[in-house]
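The values are calculated or read from the model by the stated rules, or taken from the named source; none is laboratory data. Note that the structure is a prediction, hence the values are computed from the model and not measured. Counting neighbours? That spans all protein chains shown, and the Cβs are built from the backbone with ideal geometry, glycine included. We work out accessible area using only protein heavy atoms, side chains counted, and drop any ligands, DNA or RNA first. Shrake-Rupley method; radii C 1.70, N 1.55, O 1.52, S 1.80 Å.
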Amino acid sequence: PARHFDTRTTEPISFFLSGLEELLAWQPNSNDDFNVSAVPLAKRQPPLHSRRPRTLVCHDMRGGYLEDRFIQGSATRNPYVFYHWRYIDIFVYFSHHTVTIPPVCWTNAAHRNGVPVLGTFITEWTDGQKLCEAFLAGGAEAYRAVGEQLARIAQHYRFDGWLVNIENTLSAAAVGNLPPFLRHLTAQVHSTVPGGLVIWYDSVLQNGTLRWQNELTEENRVFFDACDGLFTNYNWKEEHLERTRGLAGPRHTDVYVGVDVFARGDVVGGGFDTDKSLRLIRQHGLSAAIFAPGWVYEHLGEENFLHNENKFWASLAEYLPTHSICTLPLATSFSLGMGTSRFLAGKEEEPGPWYDLSAQEIQPLYPEREGRLSTSCCLQDAWCGGSSLRVQGTIPPGEEHVAVRLFSLQMPAPPKLFLTLLYKLEGPHADELAVALELTTWDSGTCHEGNVTSLPEPNGRHHPRFLPAPPPGLAKLLATCDRGSNGWTSRCYELDLRDCSLRDLSLLLSRHQPSPRETPFTCLLGEVRVLDAASVAASPPEVQSLSASQLWWQ
């Protein structure tokens, strides 16, 4: 069927639903299997329901379902990718189709990085008005059927809920049923999707008029009260934020103040001035909804996209609280889910562009310190996948080393950890530098390093012991311990801890000799792993009852 498969290539594709009939007729179908997310939502700290202000990203690009619709990837040059997952809380895939089911590659990439994904239910113009009258103006049965279908769709494809966007006027009968519809949808999503969410877009008012408020008001509050949050329109000023904060009361972090990165209309700041909008939003303790950050790609061009993307998100970092990883193992090759070639074990396997967000790996923090440090993606060389992480900067005069924070962690440390690192030093000063990993722990009276000979530095900095060869029984898993290849250096470490809580994982670059001059460095990271020794030693569970379907040999 053309909905599930590309008519030109027969490849499986992600799809949307148009109109009420298609929504109500939808049911699970064996052709759907490709579209079901295979990656459960990773746990992270703090969890979504914590009270700190959140950041929602709403992705709206050229009508949606572009190259991202190809479930098994495509040979796209310079595709759009998003990878600053550590800085955001919720990802919305937006299009103008009635029911936007997020392409599964986005759900996979977001979930791997701990971010829930929402689809969009939208009605607009006269067609939207007719659609709303059809399911809202009658009895409860009609709107309950729509709520149940939307919840079933999210449950079936394993994404996390809906943004609801009613952008047309409503009759008195229809608008009267809107709050109970939202309450029903929200209850259905909560009961079928663990951690599910329904967010309302600031559009229609409780009297049925379509009038964007750019804030929470008495006119739209009834919809906010019926679901998990409000996404405001974009043309606000500071007084709107003040009033919203007052009206929202204890639920102020459930208001996501809209920021249009394209800066359409009368806005505080978009583009590279988006930080001005975020600064004000955060001053009032509210959450933010960053709309169409694909501006970086669409407006500034595809060629220099990765550089501009890092610049854009670095400019906002001060206002984006980051998230910590709270489970092990942590293993990543930093791949963005795209590349100009595919690499395996440091060697180019297959030249040519590729794009598949489902293959994106866990993404780190991207620390930037003006002129002193930058982290970016390197497509020219990788250990595995399409890219490595390039860490560039300088060790200041007189200082011995620089620690580059890659991941924030928040979990009890197991008694023994194994860490592995694959790296490549570049540039004229490569011979003067040493590379290692550093783990920090939260300061607590009880935390000790198990091995008495290597005392941690004060403030909980631990430098794991270098293992020249893998311990017996782990030679297979830690095979690369003592041998890198194709110019990559491989290192294994172990660390014994007692009663500690992990805090940060950093890359440590040190000079062999102290120097009065600054030393520039460029280091490519090919892979980092942090493993709990106890679970590494256990043999992995056997795969049971494997079946294969939808095979087509070519």
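Helix screen, the chain: DSSP H segments with Cα axial length of 18 Å or more and mean Kyte-Doolittle hydropathy at least -0.5 are 140-157, 172-192. Of the whole protein surface, Trp354 contributes about 10 Å² of accessible area at a 1.4 Å probe radius. Overall form of the stretch 330-535: oblate. Here a/c, set by the Cα gyration tensor axes a ≥ b ≥ c, is 1.5 or more, and a/b is not larger than b/c. Asp127 exposes around 110 Å² of accessible area when a 1.4 Å probe is run over every protein chain in place. Once you have a ≥ b ≥ c as the square roots of the Cα gyration tensor eigenvalues for the stretch 1-154, tell me rounded if a/c is under 1.5, and otherwise prolate or oblate according to whether a/b is larger than b/c. Oblate is the answer for the stretch 1-154, as a/c is 1.5 or above yet b/c matches or exceeds a/b.
Residue-normalised convex hull volume from the C-alpha trace of the stretch 16-321: 121 Å³ per residue.
Rounded to the nearest whole angstrom, the semi-axes of the ellipsoid equivalent to the chain, taken from the Cα gyration tensor as √(5λ), stand at 44, 27, 23, largest first. Taking 7 Å steps out from each Cα toward its Cβ at Lys476 and His401 produces label points 3.4 nm apart. Placing R0 at 45 angstrom, the Cβ-Cβ distance between Arg243 and Lys416 gives a FRET efficiency of 0.25 after rounding to 0.05. Looking at the chain, what % of its DSSP beta bridges pair antiparallel, to the nearest 5? Antiparallel bridges: around 70 percent, rounded to the nearest 5. Per-residue accessible area (protein heavy atoms, 1.4 Å probe) orders Lys237, Lys276, Lys43 as Lys43, Lys276, Lys237, starting from the largest.
Arg369 contributes an accessible area of around 90 Å² to the protein surface, as traced by a 1.4 Å probe with all chains present. Label positions at His299 and Arg62, each projected 7 Å from the Cα along the C-beta direction, are separated by 1.8 nm. FRET efficiency for the Phe272 to Leu344 pair, using the beta carbon distance and R₀ = 30 Å, is estimated at 0.20. Annotation: for a label point projected 7 angstrom from Cα along Cα→Cβ of Ala538, residues of the stretch 413-437 with backbone N closer than 15 Å are 414-416. When Trp125, Trp313 are compared by accessible area of protein heavy atoms, the largest-first order is Trp125, Trp313, using a 1.4 Å probe.
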